[in-house]
1. Sorted by accessible area (1.4 Å probe), largest first, how do 211, 294 line up?
2. Show that you can apply the helix-only estimate: for the chain, add -39,500 (n - 2.57) for every DSSP H stretch of four or more residues, divide by all residues, and state [θ] at 222 nm to the nearest 500.
3. Taking amide H atoms as placed 1.01 Å from N in the peptide plane, list the residues 5 or more away in sequence, or in a different chain, whose amide H sits under 5 Å from that of residue 60.
4. Give me the net charge for the shell around residue 79: Cβ to Cβ below 14 angstrom, other residues only, Lys and Arg +1, Asp and Glu -1.
5. With θ set to phi - 60°, apply the Karplus curve 6.51 cos²θ - 1.76 cosθ + 1.60 along segment 110-118 and write out the HN-Hα couplings as whole Hz, x wherever there is a Gly or Pro.
6. Pull up all non-local amide H partners of residue 212: gap of 5 or more, or a different chain, and H-to-H distance under 5 Å with H placed in the peptide plane.
7. Please list, in order along segment 225-241, the HN-Hα scalar couplings obtained from phi with the Karplus expression 6.51 cos²θ - 1.76 cosθ + 1.60 (θ = phi - 60°), rounded to whole Hz, x for Gly and Pro.
8. Pull up the DSSP beta bridges for the chain and report the antiparallel fraction as a percent, rounded to 5.
Amino acid sequence: MKQNIDVIVREVGLRDGLQIHPTFMPTDRKLAWIEAEAAAGVSEIEVTSYVPAKVIPQFADAEEVTVRSLGIPGLTVAALIPNYRGAERGIDLGVHKLNFVMSVSRTHNMNNVRREREESVADFKRIVELVRSQPAGKRPILVGGLATALGCSFEGRVPVDDVVRYAVALAEAGADELVVPDTVGYAGPAHVKRVFKAVLAAVGKLPVAAHFHDTRGTGLANVTAALDCGVTRFDASLAGIGGCPFAPGATGNIVMDDLVFMLDSMGLRTGVDIERLVAVREIVRETLPDIEMHGAIARAGLPKNYVSAAARAAA
């Protein structure tokens, strides 16, 4: 954990948020968004996905977005990878973090990456070998993502034993970090605690992050449940935009602006300036006026005489 930071918030709107939107966001506007959020204090951004443009046209500019983002001082640049070829692209570009994704639900894995779960694990092992073959100073951080860990649009509740089994498989294969997503916003706080306690107990000291969607209005409540388990890394999307193209009914991630405010109001420092973060929304609104945007803080503003967690800590 970085000094003076209690919780790390990671922006995924440029990938998870834009992937299903039919209007292409111009590359320069994506970079303006990334630069503005980094300036507001968001230290890690998933800027794109290394998938074929014919599959998701929004990421046709993946290379340029990655290279230009890498020039932003202090920013950890991450990208989603579905397979070995995606890892090769990321390594060639010099991306800081590779976010590998597989699904705990067999049906979702077949729909999302077109293969069996064990094939995904085998591919991840090959990616680990590829990463470890790179010079020590050029190895990206490799994250193992377990989509649909908390529920699936096709299969419903996913057995906790399955989540633990694949979490352990990726950990033993060599993941530097895991992320446990509620891809379709299926879970409530009690289930979140059951899953995260089981995963954390199984993988020891390996960092485990949470990725919640707000499909059924439980997103921020799920964050507090994960915090109670000791989780200190959370994905979120500016204005809560987005959803999964292979998960019917899924809506956007939890709202980054509201997440930062909630954490700050709890006395947890994120390093993010809330007002500067909210202002970034205008870049998205002006560029994509047809995109659906959410957020209570953007609508209501900060409470009167509000003092940030950082200011309270320094007082």
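The values are calculated or read from the model by the stated rules, or taken from the named source; none is laboratory data. This is a predicted model, so every value here is computed, not measured. As a convention, Cβ positions derive from the backbone with ideal geometry for all residues, glycine included, and neighbour counts pool all protein chains shown. Protein only, heavy atoms only, side chains kept; ligands, DNA and RNA dropped before computing areas. Shrake-Rupley method; radii C 1.70, N 1.55, O 1.52, S 1.80 Å.
1. Final ranking, largest accessible area leading: 294, 211.
2. Mean residue ellipticity, 222 nm, calculated: -12500 deg cm²/dmol.
3. Distant-sequence amide H within range of residue 60: zero hits.
4. Within the 14 Å Cβ shell, the charges total -3.
5. Using θ = phi - 60°, the values come out as 5, 6, 7, 10, 6, 7, 6, 4, 5 Hz.
6. It is 182, 235, 254, by chain and number.
7. Per-residue couplings from phi come out as 5, 5, 4, 4, 7, x, 6, 10, 10, 9, 8, 7, 10, 3, 6, x, 7 Hz.
8. So the antiparallel bridges amount to about 5 percent of the total.
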